[in-house]
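Everything on this sheet refers to the single structure shown next.
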Amino acid sequence: MAGCFHPKFRNLRIKMLFNFRARFPTQAGPKSLFSFNPLCNQKRRPNLPQALNPSPKMVLEPSSKRPMCPSCSKPSRLCLCNRIKTPFLNNSIAVTILQHSLEQNHPLNSTRIAAIGLKNLSVVAVSDVNLEARFEIRALEFNSDLGFSGFESNCNGSCGKHQNPEGFMDHLVTESQCLDSDSEMGFHGSESNCTRSCEKPQNTDGFCFTIRKSGVISSFMGHLVTKDPNFDLLLASSGDLSNGFVVKKWKSTERQEIEEFEIRVPSGSVLLFPSERSVGIEAIDFEVKNLIVLDGTWAKAKRVYSENPWLKLLPHLKLDLGKMSLYGEVRNQPRAGYLSTIESIVYALKAVGDETDGLENLLEVFESMVGDQRQCKDERLSKIAL
């Protein structure tokens, strides 16, 4: 039909169009004059009713979800809240849970029970390090009138009483050096390690450092690290943190640096985690005031531990119970003694001297939650069999 656009027929085509519009007027206005050309056999798409016209918004609109309990985040028919006989138990030993960011919505996550069962509890979301993360550690300063206080400003790379324990500084590169020898040190595109600066409070013990994925230390006190140092050497230069400390973490994205958490770690804190540093209850010779627990699968918990080196500042505690977790077959555990988060909390609180009544009920609630999951699994299998 290319002939209909030949210049020879231009005047004829325009005349026919005006005659056609004169005989069949429309309400579309002047812009619709060339929207329909009988000579070129163009067809306009019909105006479908809105209900029949496909719309991406309608297609992508999610279906209605089943009602959920806002407190325990379980479906309403499986709500855990009314199973707890005494919610928000006033536990004498505080509990801090570092929860892997991917664990929160798992249907069998037991932190939800601790959150509605214990009063003195805080849950902190912790994500994996993809690019880089920066940490600042400051000593808690005691004031007889105000109590403990943390810090308000960031580190400028020279905070704390920095020493050189056993040649630790020999593995560091100064800012001027790193600007000249990035390629030799293998820190291509890591200019932020050297140039990041911020104010520091005066007369405060502490230090700052950055890490890459898997907890590899990339800079310490504003200096690039040429080798992966022993973190114990780093701690030797950290100053006096015996009265507790505050830790801040910033995670780096492709566009900016975002503060992820700020945690107050008082004196008397212990980390419940099996490692080479861990000791049994009988070896703890001080009053435990705060229990720190890692929440996630064992693989996730290990990542949280390795990518938060500040945890090595704490005494490590292990439980030698030899018990099998109540998870049973619904969620695999590596071996006996590897328990769920709520089981670990209850047994550890009892072991360090918290005699709060009602802790056993939290285990009963957890067992019932596992039973719900097992029943749902059986129902799904029975439907498949039909």
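Here are the numbers:
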{"read-out": "Restricting segment 251-292 to residues that are out of contact with any strand residue (DSSP E or B) (no Cβ under 7 Å at 6 or more places or on another chain) and free of Cβ contacts under 8 Å to residues at least 12 places away in the same chain, the residue that is least open to solvent (accessible area, probe 1.4 Å)", "value": "ALA283"}
{"read-out": "Residue check, THR356 in contact with an Asp or Glu (Cβ under 6 Å, 6 or more places away or on another chain) and under 22 Å from ASN90 (Cα atoms)", "value": "no"}
{"read-out": "GLU360 being open to solvent by 30 Å² or more (accessible area, probe 1.4 Å), modelled with pLDDT of 90 or more and either out of contact with any His (no Cβ under 8 Å at 6 or more places or on another chain) or not aliphatic (A, V, I, L, M) (or both)", "value": "yes"}
{"read-out": "Any hit, segment 325-346, residues being among the basic types (Lys, Arg), modelled with pLDDT under 80 and under 22 Å from LEU80 (Cβ atoms)", "value": "yes"}
{"read-out": "Enumeration of residues in segment 103-130 that are in a loop (DSSP other than H, G, I, E, B), open to solvent by 20 Å² or more (accessible area, probe 1.4 Å) and touching a helix residue (DSSP H, G or I) at 6+ places or on another chain (Cβ under 7 Å)", "value": "PRO107, ASP128, ASN130"}
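The values are calculated or read from the model by the stated rules, or taken from the named source; none is laboratory data. What you see is a predicted model, and the numbers here were worked out from it, not measured in a lab. We place every Cβ from the backbone using ideal geometry, glycine too, and count neighbours over all the protein chains shown. Remember, those area values only see protein heavy atoms, side chains included, never the ligands or the DNA or RNA. Shrake-Rupley method; radii C 1.70, N 1.55, O 1.52, S 1.80 Å.
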